Structure formats: C-alpha cells, structure tokens
Amino acid sequence: MEKVSLRDAYGDTLVELGKEDERIVVLDADLSGSTKTAKFAKVFPERFFNMGIAEINMMNVAAGLAVSGKIPFVSTFAIFGTGRAWEAVRQTICYPNLNVKVVCSHGGITVGEDGASHQALEDVSLMRSLPNMRVIVPADDIETRQVIRKVAYTEGPFYVRLSREKFPRIFDETYRFEVGKGHVLREGEDVTVISNGVMTHFALLAAEILEKEGISVEVIHMSTVKPVDVELVVDSALKTGAVVTAEEHSIIGGLGSAVAEVLVENCPVPLERLGTPDVFGLSGKGWDLLHYFGLDENGIIAKVKKVLERKK
Amino acid sequence: MIRFEPSFFLERNREIDDVTLRAIAREVRKDILKMTSAVNSGHPGGSMSAADILVTLYYYKMRHNPENPKWEKRDRFVLSKGHSSPALYSVLARTGYFPIEKLKEFRVLEGDLQGHPSMLTTPGVEISTGSLGHGIGAAVGMALALKLDRSDSRVYCMIGDGEAQEGSVWESAMAASHYNLDNLCVILDNNNLQIDGPVDEVMSIYPTVEKWKAFGWHVIEINGHDFKEIKNALDEADTVKYKPTMIVARTVKGKGVSFMENRAEWHGKALPPDLLKEALKELGELS
C-alpha cells in the first residue's frame with residue numbers, strides 16, 4: 001500500500017492557496033522544514049513569518065494578523081502548538097473567534113524516536129475543549145489537501161492535526177471532505193468502528209479480516225472530532241448496536257470521548273475505545289510504537305470481539 | 001461635559017491643550033471609580049495610573065473614528081493589561097463609541113462591557129485581552145499586517161509592569177524588533193505595584209530601559225501623568241525608523257485620589273460607598 005506524506009500535502013496546498021489569495025500568511029516556530037511550511041516560505045517570503053522558538057507569541061501574532069484581515073496558518077509540532085501555546089490559543093484566538101488556522105505536524109505516537117516530550121497524545125483533547133475551535137484529524141494526503149483548502153475559506157479557528165510519519169493512502173480523488181461530516185468507508189451490520197488519522201487504515205484492515213470470520217464491520221472515518229457528526233454516529237450505532245473507536249491519541253478527551261458523549265446521551269450501546277492508555281509515550285520507530293500500543297488491526301479486532309461479547 | 005464631533009478624531013496630533021486633557025482625565029477617573037464601585041469589583045488602581053496616557057492617545061494622538069470603529073485608516077490600540085478596562089471603556093464612551101450610560105453595563109450579566117475587554121461585545125476594542133502577556137503579541141501581528149498592506153496606520157499598546165514578568169512579553173519584544181516594526185509603540189504603565197506588592201519585591205522587572213534597549217527597541221522614559229511629556233514621547237515615536245518604540249511611563253497606582261495613590265490594595269478592589277463619595281469629592285464632583 002502506498003504511503004503518503006500529510007505534511008508535504010499541507011506545504012504544497014499552502015503554496016497553491018498563497019498563489020490564489022494574498023490574504024494567506026504563514027507562521028512557524030523554527031520548524032518550517034519539518035512542518036513543510038518552508039515550501040510556502042520559499043515562494044512567498046514576504047508572507048511567511050518565522051517567529052522563532054516562541055509559540056505563545058506566535059499564536060498572539062497570528063490573532064493580530066487575523067483581526068487585520070489576513071488568513072494566518074500557524075504551524076509547529078502538535079505538542080507545542082496545542083500544549084505550550086494553549087492559553088494563547090484560548091485567549092487571543094478562540095475567545096474572540098478569530099480566523100486562525102492552527103495546523104500542526106507531529107501529532108501522536110508516530111513521532112517516534114524523539115520520545116514522550118515530542119509525542120502529542122493530548123492535543124485533540126486540549127483543542128476540543130476550547131469554545132469556537134473545530135478539530136480535524138485527516139487520514140491521508142488527499143484528505144489533507146481538501147481539509148486545508150476547506151479550513152482556509154471557512155471563517156473561524158481550526159486545529160488540524162498532521163503526522164510526521166507517512167500514512168497509507170485511504171482516499172481517491174472522488175472523496176469530498178466536509179467539516180463536521182463523518183465518512184462511511186465500509187457498510188456493516190454487526191459493529192461500527194469509528195476512527196481517524198492513521199487508525200482508519202487499520203480499521204479497514206480489521207474489517208477485512210473480521211469479514212472472513214463472518215463479522216460485518218461498518219467503518220466510519222471521523223476526521224472532524226469537533227463538531228463530531230452526531231447524526232452519523234447515532235444512525236450507525238442504532239443499526240449495529242456496538243461501537244469501537246480507534247485513534248492515535250490518549251483515550252482521554254479525543255475521538256473516543258467525543259463518540260462516548262454522543263452515545264451516552266442519545267443511544268447507549270456497548271462502546272470500546274482504542275487509543276494510548278493514560279501514559280506518556282516513549283522512543284522507538286513510529287510504526288513500531290503503533291504496534292507496541294496495540295494501535296493496529298489486531299488491537300481493533302480485539303476491541304471488536306470484546307464489544308460484541310458485551311452486545312450479547 | 002467635554003465632547004468633540006467624531007470628525008475631530010480623524011487626523012492625528014490634534015490641537016488640544018493640557019488643561020482640557022486634564023479635565024477629561026478627571027472625568028475618566030470618576031467613571032472608573034463609579035463603574036467599579038457600582039458592581040463592587042474590577043481594577044481601579046491600574047486604571048487610574050493608565051488614565052492620562054489613554055486620554056492623550058484617544059484625544060490627542062490616534063487617528064480614529066468613533067462612528068466607524070472598523071475604519072480602515074484608523075490607528076489601533078491594544079490594552080494588553082486588560083484589567084484596566086474601566087479606563088478604556090470610559091475613554092471609548094467619552095469619545096463617542098457608545099453612550100456614557102452603557103458604562104453601567106460593566107461586569108453585569110449580559111452587559112456589553114465584560115470584566116476584561118472583549119472585541120465581540122464592545123465597539124472600539126481591537127482584540128480581546130485579560131490574560132496577561134498576550135495583547136502585545138496581537139499588537140505585533142497587527143503591526144505586521146499593516147506593513148504588509150503598506151498602510152501608514154500605527155499600533156499602540158499598553159502593558160503593565162507586573163505583566164512584563166510574563167515571558168511571552170519578551171517573545172513579542174524580540175519579534176517586534178526582529179521585524180523592524182517602527183509602526184508599533186508600546187507604553188509600559190510603570191506604577192510599580194502589582195497585587196502582591198511592589199513589583200521590585202514580587203519579581204523585579206528592572207532595569208526596564210536597559211532591557212528594552214537590549215531587545216532592540218527605541219526607549220523613551222517619561223512621567224506618565226505629565227501631558228506634555230506623554231505627547232512629546234508619542235510624537236517622538238512617530239519619527240523612529242526600523243525600530244519599535246517603548247515608552248516607559250512612570251505612573252502612580254490610584255493616581256488622582258490621595259488615599260488610593262501608591263497603594264497595592266486598590267489593584268483589584270472597588271471603593272466602598274463612603275470612600276467613593278470622598279474620592280469623587282477630591283476629583284471635583286459636586287454632590
């Protein structure tokens with residue numbers, strides 16, 4: 001399966017947007033080579049602002065640019081953009097509901113060798129709790145391109161989480177991303193698996209294996225964690241009667257929590273959540289770390305079997 | 001009441017003498033005390049120290065349009081020390097952004113004047129502030145945007161001296177000089193008092209002049225209650241090229257009311273009714 005770079009897709013899309021619209025400006029905190037905003041900087045040096053290793057100020061400056069009519073994209077590693085700068089994002093971007101797009105690479109455990117300090121397992125949770133903020137976790141390059149274009153021209157703040165690691169391609173060019181809409185990749189009857197990011201790849205693998213065992217799995221790709229697609233979650237849960245969530249993120253506060261909130265308030269059915277447990281990450285190769293934490297098809301299959309037991 | 005037509009504010013450096021500015025500032029101080037006492041909350045001390053500078057900015061210096069708060073050619077003001085909102089609200093009301101009666105909505109449920117400035121509810125507030133150390137960064141962003149647009153509008157920002165303990169202030173200080181933002185002028189309201197006591201005892205920010213110079217700023221030191229000095233400093237900032245300007249304004253917390261001056265206890269506490277009466281009398285209010 002072809003693996004593709006989400007952050008390269010981001011950098012390339014920024015360049016396209018920059019050509020189309022003079023309002024697009026980009027800020028980075030000394031990581032433009034990694035986040036791929038350097039692609040934009042090369043073509044539009046006058047609209048690229050390297051803010052140095054100073055993420056709090058970067059968010060505030062982005063807010064000042066947005067309030068002056070620019071469309072700022074702000075990038076760094078996910079943990080710094082959402083963690084270190086969280087309160088600047090809250091005070092100066094979300095509270096006044098400004099048109100700033102926080103797009104961070106290096107989300108999740110697949111950051112790899114750099115270890116716990118650089119692995120954002122809390123970023124979705126941190127951003128999801130902020131009023132006005134919308135949170136999107138794309139799965140591949142094709143979706144990333146569409147997400148970036150969509151958030152550029154949808155007023156208000158967004159957090160988009162990208163990865164360091166290349167991910168398997170899920171979509172083809174017929175895919176259409178919409179903010180707040182999940183996407184049914186595979187219809188099924190027995191259980192619903194709701195995933196995003198790289199976990200959608202594993203959800204599809206798990207569904208294929210389970211099909212051979214006679215278990216029919218519905219796979220929903222839920223890139224928008226906030227606002228989560230309540231209607232789709234409820235419809236699918238009512239149909240299958242059991243749900244598994246899978247995300248490359250702590251089980252606290254991310255996609256699993258968002259889905260749990262929807263289910264418990266609308267149609268309580270057995271739910272199992274797959275994510276990293278309440279621990280920090282560690283060094284290792286990105287792909288090895290996914291398997292280490294059971295974030296793969298086997299982890300999903302185990303959760304499916306568990307939830308089907310509970311459904312009986 | 002001293003009122004000007006909105007058109008008065010459309011050009012910079014207006015003809016307005018110090019006696020008039022002082023009279024307006026006295027009204028602003030009365031507003032501050034009434035607003036905070038009415039809801040028994042808010043921050044009178046730092047609002048009083050900032051009053052003369054805000055009055056000079058809005059009545060003498062800045063090009064702005066109270067009838068059209070989003071006027072493209074306006075100069076911007078960011079109150080990074082957002083807790084001095086009563087001073088800002090009073091000046092905005094008195095220059096015509098909204099009726100004076102609206103000051104009654106300060107800190108009350110569903111009022112338009114939030115405890116700390118909110119751009120979504122109050123006309124004339126350029127960006128929401130309140131959590132310290134953030135507004136100055138937003139001011140840097142505005143100054144960058146104006147440079148991109150080749151606009152000659154200027155950005156003014158006021159920070160507190162306690163606020164200067166926030167590391168993000170120095171991130172912004174670095175960025176403003178790195179990007180040669182000569183369209184940015186920041187004023188430090190240096191009243192030397194924060195909630196827990198004197199700034200140099202809680203956590204010294206001194207020497208301020210040397211620090212800001214070392215960060216690449218043009219620094220001017222003034223008495224923040226002398227209108228001539230405030231005007232001159234703001235004028236000097238206009239002439240500086242390739243550098244942002246820092247005006248270190250030595251001020252007095254609680255300025256204008258004898259028993260409030262230089263007292264940290266009036267940082268975040270409103271005057272009770274009896275003291276309010278006394279204070280208003282000192283400020284020349286006829287009862």
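The values are calculated or read from the model by the stated rules, or taken from the named source; none is laboratory data. Here the structure is a predicted model, which means the values were calculated and not measured. As a convention, Cβ positions derive from the backbone with ideal geometry for all residues, glycine included, and neighbour counts pool all protein chains shown. We work out accessible area using only protein heavy atoms, side chains counted, and drop any ligands, DNA or RNA first. Shrake-Rupley method; radii C 1.70, N 1.55, O 1.52, S 1.80 Å.
Take region B:153-182 and flag every residue that is away from chain A (no Cβ under 12 Å), in a loop (DSSP other than H, G, I, E, B) and not acidic (Asp, Glu).
B:ARG154, B:GLY162, B:ASN180
Only one of B:GLY111, B:GLY82, B:GLY137 is within 13 Å of chain A (Cβ to nearest Cβ) and more than 26 Å from B:ASP226 (Cα to Cα); which? Outline the logic, then answer.
Numbers: B:GLY111 fails: within 13 Å of chain A (Cβ to nearest Cβ); B:GLY82 fails: more than 26 Å from B:ASP226 (Cα to Cα).
Answer to the check: B:GLY137.
Could you pull out the residue among B:ALA138, B:ALA87, B:ALA93, B:ALA143 that is within 21 Å of A:ALA88 (Cβ to Cβ) and either in contact with a Leu (Cβ under 6 Å, 6 or more places away or on another chain) or of a type in the set (Phe, Trp, Tyr) (or both)? Even if it seems obvious, please write down each step before you answer.
Working: B:ALA138 fails: either in contact with a Leu (Cβ under 6 Å, 6 or more places away or on another chain) or of a type in the set (Phe, Trp, Tyr) (or both); B:ALA87 fails: within 21 Å of A:ALA88 (Cβ to Cβ); B:ALA93 fails: within 21 Å of A:ALA88 (Cβ to Cβ).
So the residue among B:ALA138, B:ALA87, B:ALA93, B:ALA143 that is within 21 Å of A:ALA88 (Cβ to Cβ) and either in contact with a Leu (Cβ under 6 Å, 6 or more places away or on another chain) or of a type in the set (Phe, Trp, Tyr) (or both) is B:ALA143.
If you go through region B:246-287 one residue at a time, how many are open to solvent by less than 40 Å² (accessible area, probe 1.4 Å) and part of a loop (DSSP other than H, G, I, E, B)?
Matching residues across region B:246-287 total 11.
I need the full set of residues from region B:124-134 which are at the interface with chain A (Cβ under 7 Å from one of its Cβ atoms) and of a type in the set (S, T, N, Q), in order please.
Answer for region B:124-134, where residues must be at the interface with chain A (Cβ under 7 Å from one of its Cβ atoms) and of a type in the set (S, T, N, Q): B:SER128, B:SER131.
B:GLY197 fails exactly one of the following numbered conditions: (1) within 14 Å of chain A (Cβ to nearest Cβ); (2) open to solvent by less than 10 Å² (accessible area, probe 1.4 Å). What is the number of that condition?
Of everything listed in (1) within 14 Å of chain A (Cβ to nearest Cβ); (2) open to solvent by less than 10 Å² (accessible area, probe 1.4 Å), B:GLY197 misses just condition (1).
Would it be correct to say that A:GLU16 is charged (D, E, K, R) and open to solvent by 40 Å² or more (accessible area, probe 1.4 Å)?
Working: charged (D, E, K, R): yes; open to solvent by 40 Å² or more (accessible area, probe 1.4 Å): yes.
It is true that A:GLU16 is charged (D, E, K, R) and open to solvent by 40 Å² or more (accessible area, probe 1.4 Å).
Rundown of residues vs (1) open to solvent by less than 30 Å² (accessible area, probe 1.4 Å); (2) within 15 Å of B:LEU184 (Cα to Cα); (3) free of Cβ contacts under 8 Å to residues at least 60 places away in the same chain; (4) at the interface with chain A (Cβ under 8 Å from one of its Cβ atoms), yes/no style:
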{"site": "B:ARG107", "(1), (2), (3), (4)": "no, no, no, no"}
{"site": "B:SER118", "(1), (2), (3), (4)": "yes, no, yes, yes"}
{"site": "B:THR122", "(1), (2), (3), (4)": "yes, no, yes, no"}
{"site": "B:MET142", "(1), (2), (3), (4)": "yes, yes, no, yes"}
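For region A:269-312, name all the residues that are of a type in the set (Asp, Glu) and more than 16 Å from A:LEU204 (Cα to Cα).
Of region A:269-312, the ones of a type in the set (Asp, Glu) are A:272, A:278, A:288, A:296-297, A:309.
Within region A:269-312, A:GLU272, A:ASP278, A:ASP288, A:GLU309 qualify.
Looking at region A:253-300, which of the residues that are in a helix (DSSP H, G or I) and among the β-branched types (Val, Ile, Thr) is farthest from the chain's Cα centre (by Cα)? Even if it seems obvious, please write down each step before you answer.
The first filter runs over region A:253-300 and keeps only residues in a helix (DSSP H, G or I), leaving A:255-266, A:286-292, A:297-300.
Now restrict to residues that are among the β-branched types (Val, Ile, Thr): A:259, A:262, A:264, A:300.
Values: A:VAL259: 15, A:VAL262: 19, A:VAL264: 23, A:ILE300: 18 Å.
In this case the residue turns out to be A:VAL264.
Return yes or no: is B:ARG150 within 12 Å of chain A (Cβ to nearest Cβ), open to solvent by 10 Å² or more (accessible area, probe 1.4 Å), without any contact (Cβ under 8 Å) to a residue 12 or more places away in the chain and of a type in the set (Lys, Arg)? Give the derivation first.
Working: within 12 Å of chain A (Cβ to nearest Cβ): yes; open to solvent by 10 Å² or more (accessible area, probe 1.4 Å): yes; without any contact (Cβ under 8 Å) to a residue 12 or more places away in the chain: yes; of a type in the set (Lys, Arg): yes.
It is true that B:ARG150 is within 12 Å of chain A (Cβ to nearest Cβ), open to solvent by 10 Å² or more (accessible area, probe 1.4 Å), without any contact (Cβ under 8 Å) to a residue 12 or more places away in the chain and of a type in the set (Lys, Arg).
Can A:LEU308 be described as in contact (Cβ under 8 Å) with a residue 40 or more places away in the chain, surrounded by 14 or more Cβ atoms within 10 Å (Cβ to Cβ), in a helix (DSSP H, G or I) and touching a Pro at 6+ places or on another chain (Cβ under 9 Å)?
Details: in contact (Cβ under 8 Å) with a residue 40 or more places away in the chain: yes; surrounded by 14 or more Cβ atoms within 10 Å (Cβ to Cβ): yes; in a helix (DSSP H, G or I): yes; touching a Pro at 6+ places or on another chain (Cβ under 9 Å): yes.
Yes.
Just to be sure I understand the filter: pairs with C-beta atoms under 7 Å, separated by 6 or more residues or on different chains, first member in region A:228-253 and within 17 Å of A:THR200 (Cβ to Cβ), second member among the aromatic types (Phe, Trp, Tyr). Which pairs pass?
If the second residue must be among the aromatic types (Phe, Trp, Tyr), the pairs left are A:ALA246/A:PHE202.
Residues being touching a residue at least 40 places away in the same chain (Cβ under 8 Å), among the charged types (D, E, K, R) and at the interface with chain B (Cβ under 8 Å from one of its Cβ atoms): count how many of those fall in region A:32-80.
Looking only at that region, the number is 1.
Which pairs have Cβ atoms under 8 Å, sit 6 or more apart or on different chains, and link a residue in region B:156-182 that is on the phi > 0 side of the Ramachandran plot to one that is open to solvent by 20 Å² or more (accessible area, probe 1.4 Å) and basic (Lys, Arg)?
Between residues of region B:156-182 that are on the phi > 0 side of the Ramachandran plot and residues that are open to solvent by 20 Å² or more (accessible area, probe 1.4 Å) and basic (Lys, Arg), the close pairs are B:ASN180/B:LYS243.
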